[in-house]
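The values are calculated or read from the model by the stated rules, or taken from the named source; none is laboratory data. The structure presented is a predicted model; accordingly, all values stated were derived computationally and were not measured. Positions of Cβ are backbone-derived with ideal geometry, glycine not excepted, and every protein chain shown enters the neighbour counts. Please note that ligands, DNA and RNA were not included when accessible areas were found on the heavy atoms of the full protein model with its side chains. Shrake-Rupley method; radii C 1.70, N 1.55, O 1.52, S 1.80 Å.
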There are 2 protein chains.
Amino acid sequence: MNGPAEGGLDVAHLFLALAAILIAAKLLGELAERVGQPAVLGELVAGVLLGGSVLGVVPSTGAAGEMVHVLAELGVLLLLFEIGLETDLREMFRVGPASLAVAVVGVALPFGLGYAYWAFLPHPASGEENVATAAIFVGATLTATSVGITARVLSDLGRMATAESRIIIGAAVIDDVLGLVILSVVSGVAAGASITVLGILQTLAVAVGFLVVAVLAGRFLLPRLFDVVVRMRVRYVLLVFAFAFALGLSAVASMAGSALIIGAFAAGIILSGTNQFDTIEREVRPVAAIFTPIFFVSVGASVDLRLLDPTSPAARGTLAVAAVLIVIAVVGKVAAGWAAPWLPMRRLVVGVGMVPRGEVGLIFADIGRRSGVLSAEVFGAVLLMVMVTTFIAPVGLKALFGRSPATGPAG
Amino acid sequence: MNGPAEGGLDVAHLFLALAAILIAAKLLGELAERVGQPAVLGELVAGVLLGGSVLGVVPSTGAAGEMVHVLAELGVLLLLFEIGLETDLREMFRVGPASLAVAVVGVALPFGLGYAYWAFLPHPASGEENVATAAIFVGATLTATSVGITARVLSDLGRMATAESRIIIGAAVIDDVLGLVILSVVSGVAAGASITVLGILQTLAVAVGFLVVAVLAGRFLLPRLFDVVVRMRVRYVLLVFAFAFALGLSAVASMAGSALIIGAFAAGIILSGTNQFDTIEREVRPVAAIFTPIFFVSVGASVDLRLLDPTSPAARGTLAVAAVLIVIAVVGKVAAGWAAPWLPMRRLVVGVGMVPRGEVGLIFADIGRRSGVLSAEVFGAVLLMVMVTTFIAPVGLKALFGRSPATGPAG
């Protein structure tokens, strides 16, 4: 019960560190919102401040570091589970061709540009051993629009009801799925699967196959199961079964060669088809609210601020890479606004709305860093890219939408 | 992200084990309720089944074992935090002398009898080295009525509005506080503090002092702080600050020589004085619902079923000890029903209502087992005592109350 008696893990110090992580995340999240930015930006900054290169509050090594890592995994699992729960499969199919075109171009273009930059153009790590693997990672970090950030920005601006917003949200959701499929490929690559076309197709087949089989079987079976579960009397039985299902499907996804968070996302999509999904969603939210910030703070904490010191040569390398990545990230997504020429819409609004990268890009970068494929310098550059694109969207959308009156109530 | 790459901890297998723990806890909790017993009983049985002596699903060693231990600690922290939040300090003072008398006698008598049995009478571990320390632990496990179980039983029977129920609930709450103070003494003893009267008084002073100072300062400061926090915009800021406060105060309590869960309980009592305590309580509940079963299942998992096999001599020892503990547990609490002779009430009802032991007794036994003061045999006997007393109360109260019509709606 009491302190470090048990196997070297000091529970009291771990709990203090967690308390500091949560309070810093909320304080800096609040600060970010007050200056008109999404809270997730503040949580990343909180991580940088609490991390090893500044205050050193977030444990990164030993048993405590492993505990924080597992709690952060629980956080990202809950986040993707929540996004899955909020995903309406029918609505996803309904938004149709325009969203799909925007999504595909918005994923393919930044991926291709990022891959080409890393594989063929000069950069600080030129000549490294696994250049193709690293190039896949760099490309992957540029792909997925953060549906959470985008939706939050549109709703904050009171523009959820516009045609552009519907297309953006649809594309961002498809984007997330595409991103998750890419994640599977990338996870396989990180685990050492050789990069042959056949290998990639196999990994892709496993990822898509897992998603399709899990979602089809799950959407058929789980609503029937949960109609039984809901008749049980013990308290919070729906929530606990739903959470256990997310944990279990995540574990199975990982064991089947896909990724934990694909399982969590699939679990969410599956349970969004139950009659009880609103109760589950309402009860999962406070749990996610506690664990999700631990993920973002621990991602921020892995940034070494010294890499951004412009007086050191290494930092200049990071900044140079970040500058190129930011240009690719913005150009690739803005161009996607012109991907559905048959539809009348404000293409610049759609393009800018797709710019923010978030969770999924950070997850790619994190896997790359942990598996040693991406250096700390490149990880820092990706984080900088995520932060800057996250900044650009609210400012840009506010400027673009500012030209016409709002159609819905603000925030 | 994916499996065992990281420092030996296989996240996927850990998540599968957690899913199994949660589902088993709910299924057996449901079964327990269906046969008229409290759900916690089913969770303990689920733990026994998933534990090392039957299925071996709950990890008990290595990094995964440590993770489950920390998650179980989070569970018991959340449970005590919730009980603290539900505690109305004024109501506690108002139920007054009768509850206090019942509580004090109901703590002192079983403790004294348990201590005397272990220190002076023959039992299977007679002649052991730290007999006084072990006797304190055995006495301590017999003290605290489970306020959760008692309240649940009374509400299930529709008798919450009777005078007897008010006295029982008041006494059970005071009991919990007394139990937590004893817990501090016992934790100090387990950590190796010598058992002198002065030492016990010091530990007691630290525990009571910590509670009094924390609650007084906290009840003054926190309502003001939370009136500011509630004006923040980020989502679930109240919940996250409240949870961080519970984590932080638990850590401080442990570092100050008290126990983690005393800090969690104090945090709950303190926050019950804020204007936002109803929001906090509502949002904490789903989080506690997920983590609390992990505690009860992991407690159950530490029972070695072979110790209860009546064909083995060691098991006969455990069963003999359990029989004595059960007699002491029942007699000690039933006698407490006569502790307030100046008040007209159905003393047997009050006494039987005080019989169920739960959380706190298990926590004592767990600390004793982990620190090596209690053998696995005695731990098994305590668990048996907790299970049997938990069985006795609903059956007994139903029989006693059955003689007169219910005064309130059934549960």
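Some notes on this structure:
- Hits in the range A:79-90 - residues which are in a helix (DSSP H, G or I) and open to solvent by 30 Å² or more (accessible area, probe 1.4 Å): A:Glu86, A:Leu89, A:Arg90
- Single residue of A:Gly65, A:Gly52 found to be surrounded by fewer than 20 Cβ atoms within 10 Å (Cβ to Cβ) and outside any helix (DSSP H, G or I): A:Gly52
- Qualifying positions in the range A:266-300 - over 20 Å from the mean Cα position of the chain (by Cα) and within 17 Å of B:Leu239 (Cβ to Cβ): A:Arg282, A:Glu283
- For A:Val147, the conditions (1) at pLDDT 75 or above; (2) buried (at least 24 other Cβ atoms within 10 Å of the Cβ) are fulfilled apart from (1).
- For the range A:248-259, taking the residues that are modelled with pLDDT of 80 or more, open to solvent by less than 10 Å² (accessible area, probe 1.4 Å) and aliphatic (A, V, I, L, M), the one that is nearest to B:Ala17 (Cα to Cα) is identified as A:Ala251.
- Residue match in the range B:4-11 (condition: in contact (Cβ under 8 Å) with a residue 12 or more places away in the chain and away from chain A (no Cβ under 11 Å)): no
- The number of residues in the range B:340-351 that are open to solvent by less than 10 Å² (accessible area, probe 1.4 Å) and of a type in the set (Lys, Arg) comes to 0.
- One residue stands out in the range A:380-402 among those that are among the β-branched types (Val, Ile, Thr) and open to solvent by 30 Å² or more (accessible area, probe 1.4 Å): the one that is farthest from A:Val327 (Cα to Cα), namely A:Val395.
- Contact map, the range B:57-72: residues that are farther than 14 Å from B:Asp10 by Cα and within 9 Å of chain A (Cβ to nearest Cβ) paired with residues that are open to solvent by less than 10 Å² (accessible area, probe 1.4 Å) and not in a helix (DSSP H, G or I), Cβ distance under 6 Å, separation 6+ or inter-chain. No pairs are found.
- Filtering B:Leu27, B:Leu22 for residues that are more than 15 Å from B:Ser302 (Cα to Cα), in contact (Cβ under 8 Å) with a residue 60 or more places away in the chain and facing chain A (nearest Cβ under 10 Å) leaves a single hit, B:Leu22.
- All conditions but one from (1) open to solvent by less than 40 Å² (accessible area, probe 1.4 Å); (2) on the phi > 0 side of the Ramachandran plot apply to B:Leu44; the one that does not is (2).
- Considering the conditions (1) part of a loop (DSSP other than H, G, I, E, B); (2) modelled with pLDDT of 80 or more, A:Val334 is excluded by exactly one of them, (1).
- Residue count, the range B:23-33 (criterion: under 16 Å from B:Thr390 (Cβ atoms) and more than 21 Å from the chain's Cα centre (by Cα)): 1
- Cβ-Cβ distances below 9 Å connect no pair with a first residue in the range B:232-251 that is over 16 Å from B:Glu82 (Cβ atoms), a second residue that is among the polar types (S, T, N, Q), and a separation of six or more residues or different chains.
- Members of the range A:233-260 found to be at the interface with chain B (Cβ under 7 Å from one of its Cβ atoms), part of a helix (DSSP H, G or I) and among the hydrophobic types (A, V, I, L, M, F, W, C), listed by number: A:Val237, A:Leu239, A:Val240, A:Phe241, A:Phe243, A:Ala244, A:Leu247, A:Ala251, A:Met255, A:Leu260
- Restricting the range A:352-379 to residues that are assigned to a loop (DSSP other than H, G, I, E, B) and either open to solvent by less than 20 Å² (accessible area, probe 1.4 Å) or among the aromatic types (Phe, Trp, Tyr) (or both), the residue that is nearest to the other protein chains (Cβ to nearest Cβ) is A:Leu374.
- Residue within the range B:202-221 that is more than 9 Å from chain A (Cβ to nearest Cβ), of a type in the set (Ser, Thr, Tyr) and either touching a residue at least 40 places away in the same chain (Cβ under 8 Å) or open to solvent by 20 Å² or more (accessible area, probe 1.4 Å) (or both) present: yes
- Residue check, A:Arg90 out of contact with any Pro (no Cβ under 8 Å at 6 or more places or on another chain), basic (Lys, Arg) and within 9 Å of chain B (Cβ to nearest Cβ): no
- Condition met for B:Thr279 (on the phi < 0 side of the Ramachandran plot, within 12 Å of another protein chain (Cβ to nearest Cβ) and open to solvent by 20 Å² or more (accessible area, probe 1.4 Å)): yes
- With respect to the conditions (1) more than 19 Å from B:Val177 (Cα to Cα); (2) at pLDDT below 90, B:Phe291 falls short on a single one, namely (2).
- Condition broken by A:Val76, with the remaining ones in (1) within 30 Å of A:Ile392 (Cβ to Cβ); (2) in a helix (DSSP H, G or I); (3) of a type in the set (Val, Ile, Thr); (4) more than 10 Å from chain B (Cβ to nearest Cβ) satisfied: (4)
- Residue pairs whose Cβ atoms lie under 8 Å apart, separated by 6 or more positions or on different chains, with the first residue in the range B:310-335 and open to solvent by less than 30 Å² (accessible area, probe 1.4 Å) and the second modelled with pLDDT under 90 and among the acidic types (Asp, Glu), are B:Ala315/B:Asp309; B:Gly317/B:Glu377; B:Thr318/B:Glu377; B:Val321/B:Glu377.
- Test result for B:Val105, out of contact with any Cys (no Cβ under 7 Å at 6 or more places or on another chain), crowded, with 18+ Cβ neighbours inside 10 Å, under 23 Å from B:Gly396 (Cβ atoms) and β-branched (Val, Ile, Thr): yes
- In this structure, A:Leu44 does not qualify as in contact with an Asp or Glu (Cβ under 9 Å, 6 or more places away or on another chain) and either within 12 Å of another protein chain (Cβ to nearest Cβ) or assigned to a helix (DSSP H, G or I) (or both).
- For the range A:278-301, the set of residues classified as under 18 Å from A:Ala19 (Cβ atoms) and touching a residue at least 40 places away in the same chain (Cβ under 8 Å) consists of A:Val287, A:Ile290, A:Phe291, A:Thr292, A:Pro293, A:Ile294, A:Phe295, A:Phe296, A:Val297, A:Ser298, A:Gly300, A:Ala301, listed by residue number.
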